[in-house]
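Let me begin by presenting the structure, written as structure tokens, before commenting on it.
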Amino acid sequence: MQEKSYPRVGDAIWLSFLYIVIMLVAAILLGIVVGMLSAVIGIREDAATVLENIGATVATVGALLFVFRRFTRNSGIKPMEFARRHSLSPAAVVGFIALTAGAIIISSDIHNQVIAVVPQPEWYTSAIGQLTGQPIVIALVTVAVIPAVIEEVMFRGFFTIGLRRHENCTTTIAASSLLFGLVHLNPWQFFPAAFIGVVLGWLALRTGSILLPIAAHFINNALAVLLTRSEYLLPIRGFHPAHTIPGIFQPFVFTLSGIALLAAGYAVLQRTLPPAHLRYTLSSGRRPAPLRAGVVPDTESNQ
């Protein structure tokens, strides 16, 4: 029996489109319901905002479950294969922290460059402020925990580790990171998210797991929530998620430190992490050969 070549880049694009459509339709419908309830029973504006954000989260989860079902049915991959645990040496932990910190600093500067060219409109800034300005526990759950898990399952699990079965590393990381940027549906997040997607995609392929990408994603989003509440937590000019003033940039030395941290973290993880042997249980019950960097596996030879 010949194994299906799924997923390919076209499949990832189609699933991303379905994810966006389902998420938007569900969020709009839930928003209408909350609006009607507010008008009928007089829900306070702040409570209505929280309900709308929770509804958007429910819509996102529902969209992921739909994609999850299609992916597992067509690929034969067991999703728990994405969540393999690895023991990390102290050096690897330091490398992970450096890599994550460097990626966050660089993505912040990319955001500054974007808003210098395309200033953020007031409605977008207000929407971000409402998300991160919710009660701290709700904000961390809806902005950091749930997006980190859902988006990493989809973009580093389905679209990175999944694509790597049939595509080379460059195509896999490029496709998954671009789709990750596009799914944010706005230019102010597209470029920073695509860059973060490259880093997290490499981390997923290097470890054969989405656990470290989930941790890095959570740190990035949780930091945004915390910095929105207190700019004095890290009082660095231009390094703030609510920063929307065109022409204000991070200190050049700070951005250089981000590049240095990213490079150092990459080098440490390359040396300390064990070789990534990515194996998947296929629907046929057979296992393809381990994937090696830059090599597209020949699934037919394993039948």
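In table form, for the structure just shown:
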{"read-out": "Answer residue from the range 102-138, given it is of a type in the set (A, V, I, L, M, F, W, C) and at pLDDT below 85 and is nearest to Phe191 (Cα to Cα) among those", "value": "Ile128"}
{"read-out": "Residue among Phe71, Phe66 that is farther than 21 Å from Ser209 by Cα and of a type in the set (Phe, Trp, Tyr)", "value": "Phe66"}
{"read-out": "Residue within the range 71-81 that is among the charged types (D, E, K, R), under 24 Å from Ile196 (Cα atoms) and surrounded by fewer than 16 Cβ atoms within 10 Å (Cβ to Cβ) present", "value": "no"}
{"read-out": "The range 82-110 - residue that is among the charged types (D, E, K, R) and closer than 19 Å to Arg156 by Cβ and, of those, surrounded by the most Cβ atoms within 10 Å (Cβ to Cβ)", "value": "Arg84"}
{"read-out": "Sole residue being in contact with a Pro (Cβ under 8 Å, 6 or more places away or on another chain) and among the aliphatic types (A, V, I, L, M), chosen from Val198, Val153", "value": "Val153"}
{"read-out": "Search result, residues across the range 150-162 that are within 15 Å of Arg206 (Cβ to Cβ) and over 10 Å from the mean Cα position of the chain (by Cα)", "value": "Gly157, Thr160, Ile161"}
{"read-out": "Residue count, the range 56-79 (criterion: assigned to a helix (DSSP H, G or I) and either modelled with pLDDT under 75 or among the polar types (S, T, N, Q) (or both))", "value": "6"}
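The values are calculated or read from the model by the stated rules, or taken from the named source; none is laboratory data. Everything quoted here is computed from the prediction, not taken from an experiment. We place every Cβ from the backbone using ideal geometry, glycine too, and count neighbours over all the protein chains shown.
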